[in-house]
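Each remark here refers to the structure printed beneath this line.
The values are calculated or read from the model by the stated rules, or taken from the named source; none is laboratory data. Computed from a prediction, not measured in an experiment: that's the story for all the values here. Every residue, glycine as well, gets a Cβ built from its backbone with ideal geometry; the counts of neighbours run over all protein chains shown.
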């Protein structure tokens, strides 16, 4: 893991990073997450991976609509809100780098951790569906159910007669229960086995709609920005001389 904590370290510049663009977010996931952990020929195709990463980031970061994510406001858990990475053996490494990066979890670390959660590497076979990192075990998307409410634990605002997809690309909402997980799928808790938990709170619309609507807000803002740019370009184009 040590080899992956320095790249995309924009905060080491004299002027700390303010915005991570969506392009940078997708690139960091593909390079330091998917390519690191996915075996060739396995997992979703790169486009699906990118879309999953960008849609999830739209719901986890503090957005700069139409541009990307506000790095400073997003905080030490990074663009994907990876709280788990700041604890245990991984935390001893990551927290040191976060301090060097002026309180930010840089995109390289975030991409690495997202690859770990979604590609489910380094499986601890003794603990079933739990994967290990730096000597500690974590619940991942490995073997997660296809739908959010297959068993129980529906999101508070979900309709009881409807099944909701549990994945956005490789990114899952809820994971399977294990002997080490904090809750069981057959029980009902407000935050049952949450991995990416947007939609599981009483004030949020259910997963995956919560993330999709956040992504649409950014898409609309991007189109507005492109329209403004195009209008400016038209004003600078001269008609040909005849």
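For segment 109-126, a residue qualifies if it is surrounded by fewer than 16 Cβ atoms within 10 Å (Cβ to Cβ), assigned to a helix (DSSP H, G or I) and either modelled with pLDDT of 80 or more or in contact with a strand residue (DSSP E or B) (Cβ under 6 Å, 6 or more places away or on another chain) (or both), but none of them does.
Here residue 133 passes the criteria (1) at pLDDT 85 or above; (2) in contact with a helix residue (DSSP H, G or I) (Cβ under 7 Å, 6 or more places away or on another chain) except the one numbered (1).
Residue-wise test of (1) modelled with pLDDT of 75 or more; (2) at negative phi; (3) in a strand (DSSP E or B); (4) surrounded by fewer than 20 Cβ atoms within 10 Å (Cβ to Cβ).
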{"position": "142", "(1), (2), (3), (4)": "yes, yes, no, yes"}
{"position": "152", "(1), (2), (3), (4)": "no, yes, no, yes"}
{"position": "161", "(1), (2), (3), (4)": "yes, yes, no, yes"}
{"position": "176", "(1), (2), (3), (4)": "no, yes, no, no"}
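Looking at the structure I just gave you, is residue 104 crowded, with 22+ Cβ neighbours inside 10 Å, at negative phi and in a loop (DSSP other than H, G, I, E, B)? Considered against the rule, which asks whether it is crowded, with 22+ Cβ neighbours inside 10 Å, at negative phi and in a loop (DSSP other than H, G, I, E, B), residue 104 comes out as yes. Counting only helices (runs of 4 or more DSSP H) that fall entirely inside segment 1-91 and contain at least 3 residues that are within 18 Å of residue 169 (Cβ to Cβ) and modelled with pLDDT under 90, the qualifying elements are 46-60. Residue 203 meets the conditions (1) within 18 Å of the chain's Cα centre (by Cα); (2) modelled with pLDDT of 90 or more in every case but one. The failed one is (1). Between a residue in segment 76-92 that is closer than 13 Å to residue 196 by Cα and any residue that is modelled with pLDDT under 90 and outside any helix (DSSP H, G or I), which pairs come within a Cβ distance under 8 Å, given they are 6 or more apart or on different chains? The qualifying pairs are 84/138.
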